[in-house]
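Take a look at the structure below.
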Amino acid sequence: MSKLPESYKSLTYTQPSTDPHLTYTQITPSGPNELLIKVEAAAINPVDIQLWGNPVVGWLAGKKEKGIGRDYAGTIVGVGGNLKSKWEEGTEVFGLFSRPTAEGTFSQYVKVTDQDPIARKPETWSFEEAASVSLVVLTAYACLEWLPEAKSAQKRRVIVSGASGGVGIWAVQLAKKVFNCYVTGICSSRNADFVRELGADEVIDYSKQDVPKTLLDSRPNGSKYDLYIDCVGGVEMFNYWTEILHTDGAYITIVGDKTSRTSMGGPATYFTYPVQLVRFLRGYFFGPRYANILLSSKSAYLEQTASLAEKGEVKVVVQEVIGGILDEGSDAWKKVWAHMESGRVRGKIVVDIK
Ligand SMILES: NC(=O)c1ccc[n+]([C@@H]2O[C@H](COP(=O)([O-])OP(=O)(O)OC[C@H]3O[C@@H](n4cnc5c(N)ncnc54)[C@H](OP(=O)(O)O)[C@@H]3O)[C@@H](O)[C@H]2O)c1
């Protein structure tokens with residue numbers, strides 16, 4: 001192991017919704033299936049503030065310190081015995097380290113296992129850019145896994161709602177570059193040009209246009225869409241979804257029927273909004289399919305994204321890098337929290353850990 005400090009700093013909290021504080025932990029060598037990573041940058045996601053404010057998670061985890069952050073980029077400084085044929089010290093990597101009731105990536109060091117999604121950082125990305133990628137890319141891929149097989153020479157048509165946000169920017173780019181689809185992005189006026197530049201073929205401005213009507217009017221010869229990726233939540237589309245999507249198509253949400261930014265979304269809301277379960281069953285038997293999903297934890301997706309980045313085929317969008325998250329008395333946490341709560345971020349917010 002390279003020369004390491006005896007302990008490292010992390011941002012943690014004990015009780016839900018209380019101000020996070022700094023915690024100091026002793027560094028220990030990597031276990032046989034672990035990599036010790038010196039974190040250079042991390043990113044905030046809505047789920048971080050949702051978990052931080054969630055009383056059930058707080059109750060499950062008890063009074064122990066709980067970390068914040070799931071995305072990271074950094075340098076490998078320790079390699080477990082079983083991983084030496086694949087990884088070596090000094091390699092720059094990015095990945096997802098998701099421990100909802102334990103450590104987070106707003107930390108100088110993390111210890112990941114060979115089960116956590118990880119990939120080599122492309123040279124074309126800074127640490128700050130690489131830190132912004134994993135969670136949102138793995139979610140965008142999970143949505144695109146629901147794309148039906150192409151049945152004709154015509155491009156499949158994908159709709160991305162929330163196209164300017166963290167997941168949306170990747171859903172648009174991957175639908176174009178990896179799946180060769182025709183993409184309609186839904187965003188506000190201020191982000192319309194930005195979403196077009198990401199590759200969207202059409203843009204619908206939700207602040208000015210009637211979204212369902214515009215989608216219905218834009219169907220070429222009345223043919224229906226293949227996939228609706230919902231990164232916003234709500235129920236606006238369900239009066240029209242069988243008209244918008246063909247029976248092999250799918251409406252995939254990563255949020256669910258809820259619209260609050262601070263409450264947990266995803267499949268857990270099948271319990272709180274059982275109508276989603278009815279929709280899932282109806283879609284399973286009769287189509288179009290409906291599902292409220294989680295990200296897909298596959299390193300292969302991160303490797304594929306890194307390779308696209310090296311070829312210049314996709315771009316990373318970081319709206320702001322916030323410094324000082326591990327400084328005593330810093331207001332950095334308040335800033336990142338406010339960005340997530342607002343729901344107005346274009347691309348991603350990153351924190352500098354150096
Ligand atoms: N299930 C999962 O595994 C999973 C994974 C990741 C994220 N999520 C959830 O997915 C949601 C999105 O996450 P994210 O990281 O992509 O969020 P985000 O980056 O915070 O999304 C913000 C973006 O959404 C746009 N937006 C807001 N209201 C909109 C609307 N009505 N229509 C279209 N665009 C709108 C905003 O643009 P304007 O300011 O221009 O409106 C902004 O660019 C969150 O609720 C998150 O918790 C779930």
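The values are calculated or read from the model by the stated rules, or taken from the named source; none is laboratory data. The shown structure was predicted, so the numbers you read here are calculated from the model rather than taken from an experiment. Glycine gets a Cβ as well: all are built from the backbone with ideal geometry, and neighbour counts include every protein chain shown.
For this structure, a couple of remarks:
- Among the residues making up the range 133-160, those that are within 16 Å of the ligand (Cβ to nearest atom) and either part of a loop (DSSP other than H, G, I, E, B) or more than 8 Å from the chain's Cα centre (by Cα) (or both) are V133, Y141, A142, C143, L144, E145, W146, V158, I159, V160.
- Which listed residue, of P274, P212, P220, P267, is free of Cβ contacts under 8 Å to residues at least 40 places away in the same chain and within 12 Å of the ligand (Cβ to nearest atom): P267
- In the range 230-259, the residues that are over 19 Å from T184 (Cβ atoms) form Cβ pairs under 7 Å with partners that are among the hydrophobic types (A, V, I, L, M, F, W, C) and in a loop (DSSP other than H, G, I, E, B), at six or more places apart or across chains, as follows: D257/V235.
- Restricting the range 180-190 to residues that are surrounded by fewer than 18 Cβ atoms within 10 Å (Cβ to Cβ) and either at positive phi or in a loop (DSSP other than H, G, I, E, B) (or both), the residue that is nearest to the ligand (Cβ to nearest atom): S188
- Filter result for the condition that a residue is under 17 Å from the mean Cα position of the chain (by Cα) and among the β-branched types (V, I, T), over I27, I37, I49: I49
- Of the set (1) near the ligand (Cβ under 9 Å from one of its atoms); (2) surrounded by fewer than 17 Cβ atoms within 10 Å (Cβ to Cβ), all apply to D193 but (1).
- Residues satisfying the criterion are present in the range 334-345 (criterion: touching a helix residue (DSSP H, G or I) at 6+ places or on another chain (Cβ under 7 Å), assigned to a helix (DSSP H, G or I) and either surrounded by fewer than 16 Cβ atoms within 10 Å (Cβ to Cβ) or of a type outside the set (A, V, I, L, M, F, W, C) (or both)).
- Test: I169 is closer than 23 Å to A43 by Cα, within 9 Å of the ligand (Cβ to nearest atom) and within 19 Å of the chain's Cα centre (by Cα): yes
- Selection status of G249, under 23 Å from V275 (Cβ atoms), surrounded by 15 or more Cβ atoms within 10 Å (Cβ to Cβ) and more than 14 Å from the ligand (Cβ to nearest atom): yes
- Selected residue (only one of S164, S207 is closer than 22 Å to A43 by Cβ, not in a helix (DSSP H, G or I) and not assigned by TED's automatic domain parsing to the domain that holds V345): S164
- Flag if P46 is touching a Phe, Trp or Tyr at 6+ places or on another chain (Cβ under 6 Å), modelled with pLDDT of 95 or more and either buried (at least 22 other Cβ atoms within 10 Å of the Cβ) or within 28 Å of V317 (Cα to Cα) (or both): no
- Filter pass, E89 being part of a loop (DSSP other than H, G, I, E, B) and either within 18 Å of the chain's Cα centre (by Cα) or surrounded by 20 or more Cβ atoms within 10 Å (Cβ to Cβ) (or both): no
- The set of residues from the range 288-310 being assigned to a helix (DSSP H, G or I) and either among the aliphatic types (A, V, I, L, M) or surrounded by fewer than 20 Cβ atoms within 10 Å (Cβ to Cβ) (or both) comprises S299, A300, L302, E303, Q304, A306, S307, L308, A309, E310.
- The residues of the range 264-287 that are buried (at least 17 other Cβ atoms within 10 Å of the Cβ) and either under 22 Å from S342 (Cβ atoms) or of a type in the set (G, A, S) (or both), listed by number, are M264, G265, G266, T269, G283.
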